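Novice: Got a structure for you, questions after.
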Amino acid sequence: MARVSQEHLDARRRQILDGAARCFARNGFHATSMQDVLKEVDLSAGAVYRYFKGKDELIAAIANEVLSEVREAFEEATRHSPPPPPDLLVGRVLGRVLGIWASLSDDDGPVLPQLIMQVWAETVRNRELAAVLNEGYAAVRQGWVSAVRAYQEAGMMRSDVPADDVARTMIAAVQGFIAQQSLFGPVPVEVLQNGLRALMSMGEPQPGPAADHSSVNLLETRSN
């Protein structure tokens with residue numbers, strides 16, 4: 001019997017994961033059966049079960065891949081100290097991860113945002129998947145903590161705010177952006193970058209026509 005190359009095995013595994021990802025994103029995890037996956041990838045049950053025992057293993061493998069890509073992208077982007085500012089850092093990491101999965105799409109567009117939402121929902125029920133997600137979240141959060149401390153040491157960011165608070169906030173912003181993509185459709189990463197850049201630019205209120213007008217209105221309200 002001819003020996004199957006590792007390249008062939010990897011390609012077959014990729015084919016199965018991509019097909020399962022499309023099914024989960026399109027129909028939801030619980031509404032998708034293994035028969036649906038078999039039909040999507042056009043393979044026999046034996047060929048698929050050689051790699052994965054069932055849906056739980058499939059979604060865990062997908063979650064691990066996405067989290068690994070996030071960690072690798074983050075490590076690459078924070079190789080220098082201090083790292084790029086938060087808006088650029090988010091753009092590089094999120095842009096790379098979304099770009100890797102850009103070729104995997106369905107009739108409604110890219111599947112990654114919908115897929116991530118399915119993974120989040122499944123962690124409520126699946127303890128093993130929750131453990132995978134918690135480990136990945138902890139790694140990304142620690143990466144952000146290190147980046148924030150580098151910003152603070154370089155004088156780029158206030159030092160009186162705990163680094164972990166900033167890390168959690170940045171992760172929450174990215175999670176919210178992904179949720180918006182899933183619910184309302186694709187949005188360029190530049191939208192999130194622009195919003196972060198605007199928030200980062202805030203300073204003390206400056207005197208001007210708008211400020212003076214607001215002050216007059218406030219005085220009139222108080223006098224009345």
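Novice: Contact list please: Cβ distance under 7 Å, first residue in region 112-131 and closer than 13 Å to F24 by Cβ, second residue aromatic (F, W, Y), pairs at least six apart or on different chains.
Specialist: From residues that are closer than 13 Å to F24 by Cβ, the pairs are L112/W101; L115/F24; Q118/F24; Q118/F29; E122/F29.
Novice: Given region 1-70, what helices (runs of 4 or more DSSP H) lie entirely inside it while holding 2 or more residues that are in contact with a Cys (Cβ under 6 Å, 6 or more places away or on another chain)?
Specialist: 34-41
Novice: Still on this structure: Any idea which of (1) modelled with pLDDT of 90 or more; (2) small (G, A, S); (3) out of contact with any helix residue (DSSP H, G or I) (no Cβ under 8 Å at 6 or more places or on another chain) is the one S5 doesn't satisfy?
Specialist: With respect to (1) modelled with pLDDT of 90 or more; (2) small (G, A, S); (3) out of contact with any helix residue (DSSP H, G or I) (no Cβ under 8 Å at 6 or more places or on another chain), S5 is out only on (1).
Novice: For L98, work out the one condition from (1) in a helix (DSSP H, G or I); (2) open to solvent by less than 60 Å² (accessible area, probe 1.4 Å); (3) out of contact with any strand residue (DSSP E or B) (no Cβ under 8 Å at 6 or more places or on another chain) it doesn't fulfil.
Specialist: Among (1) in a helix (DSSP H, G or I); (2) open to solvent by less than 60 Å² (accessible area, probe 1.4 Å); (3) out of contact with any strand residue (DSSP E or B) (no Cβ under 8 Å at 6 or more places or on another chain), the lone unmet condition for L98 is (3).
Novice: Of all residues in region 187-199, which are modelled with pLDDT of 90 or more and either of a type in the set (A, V, I, L, M) or in a helix (DSSP H, G or I) (or both)?
Specialist: Within region 187-199, V189, E190, V191, L192, Q193, N194, G195, L196, R197, A198, L199 qualify.
Novice: Sticking with this one: Name the single residue, out of those in region 55-95 being in contact (Cβ under 8 Å) with a residue 40 or more places away in the chain and of a type in the set (D, E, K, R), that is farthest from P186 (Cα to Cα).
Specialist: Among those that are in contact (Cβ under 8 Å) with a residue 40 or more places away in the chain and of a type in the set (D, E, K, R), it is D56.
Novice: Mind checking whether some residue in region 203-213 is surrounded by 12 or more Cβ atoms within 10 Å (Cβ to Cβ) and either at pLDDT below 90 or not in a loop (DSSP other than H, G, I, E, B) (or both)?
Specialist: no
Novice: I'm told S159 meets every condition in (1) under 20 Å from S81 (Cα atoms); (2) among the hydroxyl-bearing types (S, T, Y); (3) open to solvent by less than 70 Å² (accessible area, probe 1.4 Å) except one. Can you identify the failing condition by its number?
Specialist: (3)
Novice: Let me ask another. In region 16-30, what count of residues is obtained for those that are open to solvent by 70 Å² or more (accessible area, probe 1.4 Å) and free of Cβ contacts under 8 Å to residues at least 40 places away in the same chain?
Specialist: 2
Novice: Looking at region 56-78, is at least one residue open to solvent by 20 Å² or more (accessible area, probe 1.4 Å), over 25 Å from I171 (Cα atoms) and touching a helix residue (DSSP H, G or I) at 6+ places or on another chain (Cβ under 8 Å)?
Specialist: Yes - at least one qualifying residue is present in region 56-78.
Novice: On to the next question. Of G176, G185, G155, G203, which residue is at positive phi and free of Cβ contacts under 8 Å to residues at least 12 places away in the same chain?
Specialist: Just a single option satisfies the conditions, and that option is G155.
Novice: Are any residues in region 106-147 surrounded by fewer than 17 Cβ atoms within 10 Å (Cβ to Cβ), of a type outside the set (K, R) and not in a helix (DSSP H, G or I), and if so, which ones?
Specialist: Once the filter is applied, which keeps residues that are surrounded by fewer than 17 Cβ atoms within 10 Å (Cβ to Cβ), of a type outside the set (K, R) and not in a helix (DSSP H, G or I), region 106-147 yields D106, D107, D108, G109, V124.
The values are calculated or read from the model by the stated rules, or taken from the named source; none is laboratory data. Given the structure is predicted, the values throughout are model-derived calculations rather than measurements. Because the Cβ atoms are built from the backbone with ideal geometry, glycine has one as well, and the counts that use them run over all protein chains shown. Quick note on the areas: whole protein, heavy atoms, side chains included, nothing else; ligands and nucleic acids left out. Shrake-Rupley method; radii C 1.70, N 1.55, O 1.52, S 1.80 Å.
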